[in-house]
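Scroll down for the structure; my scribbles are underneath it.
Readers should treat all values here as calculations from the given coordinates under stated rules, not as data from a laboratory. Treat the numbers as computed from the prediction; the structure is a model and nothing was measured. Cβ: placed from backbone, ideal geometry, glycine included. Neighbour counts: every protein chain shown.
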Amino acid sequence: MHYLLPIFKFFDKSWLATFIADSRWLFPAIEAVHIVALCLMFGAILILNLRLLGIAFNDKPVARLARELAPWVFCCLLIILASGLMLFSSEAMKAYTSVPFQVKMVFLFAAIIFHYTIYKHVTKTDDSKTNHSWAKLAAIVSIVLWLGVGIGGRGIGFL
Amino acid sequence: MGVVSWKRHGKAQRRNKCARTVLPVLYDTKIGSGIRESVWVFPIIEGTHLLGIALSVGMLCWFDLRLLGLALCDQPVSKVWQQVMPVAFIGFALMFVTGLLLFWAEAITAYRSIHFWIKVALLILAGVNALSFEATAHKNMAEWDKSPVTPLRARMTGAISLILWTAIIITGRTMAYSF
């Protein structure tokens, strides 16, 4: 982790960090935006996962559902990453020593990479074979990865 | 013991007889102090509370967006409701149970917090909004169920629901930081 220290220090000393840390209400306000966007994104991904698992929207083709939800997921992800970066900046040095933060980042990068590679491929091609076991596996992996991000995130506030 | 800790929390003492007797008892019960003082229990309950919000609001907002004609427009409104509601209700159940436990642990602080009362008021409004839609929408729902464009009344319900739940999340956060 030592080679990452300069990055944490950079964010810790940025004007953004002091701006947020100086305000009493900015942190909770940004956190609320973070949570609203993640609800929307988590909901969209969960709908798609339920479809892959054969639980909801079974008469709608997977690829069409995925195509419709993709822009929502992408926009929400941008909002989540932007607000997350602000929250991180204001307590960068705390995050540096926080195990839950490290866990969250591992899950986050894994989830994003998985979402835009394997998961994207599965939801693009799964049209005809709707209850394919690979699709179900992808749905479960997706749920586990995003839950990991959430659990790690909650842990930052407490540990 | 209850009296002592209530006196520490001073000012609101004379406000309300019921709150004066019930809240300190809640605050000092084993469950109340157990949640408040434990290293693990409070984060786990709060984490579950957030999971409940993600499941309930995460699902409900997609129904609201369907009412507004912004998403899932090729699906009938009634069908979107059927598909998202089981998960949303699991989320609501988690959220309410964990929310009550969190209140139990911080009853006196919450009672004196304006953020808490705004949050409660917004939750009631969200309930009224949903119930009034539920009570009136079914009369002529067949007419617009499959249409991407829903009546003004339905669109209002969706917009109000989105605004209220966003506000509820905001007050939940400001409440936590004002304690």
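Seen against the Cα atoms of chain B and their longest principal axis, helix B:152-178 is set at about 20 degrees. Peptide B:63-69 has a mean of 1 when you count, residue by residue, the C-beta atoms of other protein chains within 10 Å of its C-beta.
Most tightly packed first, judged by the mean number of other beta-carbon atoms within 10 Å of their residues, the peptides A:12-19, A:88-95 read A:88-95, A:12-19. Restricting the calculation to Cα atoms, chain A shows an Rg/Rh of 1.05 when the hydrodynamic-style radius is the Kirkwood one. Only Cα pairs under 8 Å and 6+ residues apart enter the sum, and on that basis the relative contact order of the stretch B:15-178 stands at 32 percent.
Other protein chain C-beta atoms within 10 Å of residue C-beta, averaged over B:55-62: 6. Computed packing ranks the peptides B:69-79, B:143-153 as B:69-79, B:143-153, most packed first, by mean other Cβ atoms within 10 Å. Listing A:99, B:39 from fewest to most neighbouring C-beta atoms within 10 Å gives B:39, A:99.
For the segment A:43-53, counting C-beta atoms of other chains within 10 Å of every residue's C-beta and taking the mean gives 4.
Between the Cα long axis of helix B:77-105 and the first principal axis of chain B there is an angle of about 0°, rounded to the nearest 10.
Between residue A:85 and residue B:74, the modelled labels are 3.5 nm apart [label points 7 Å from Cα along Cα→Cβ]. The stretch B:96-167 and the stretch A:24-86 have their alpha-carbon centroids 20 Å apart. Checked against a 27 Å cut-off, the cross-linked pairs A:124/B:79; A:94/B:119; A:9/B:119; B:79/B:119 give Cα-Cα distances beyond that limit for A:94/B:119; A:9/B:119; B:79/B:119.
Between the helical axis of A:62-90 and the longest alpha-carbon principal axis of chain A there is an angle of about 10 degrees.
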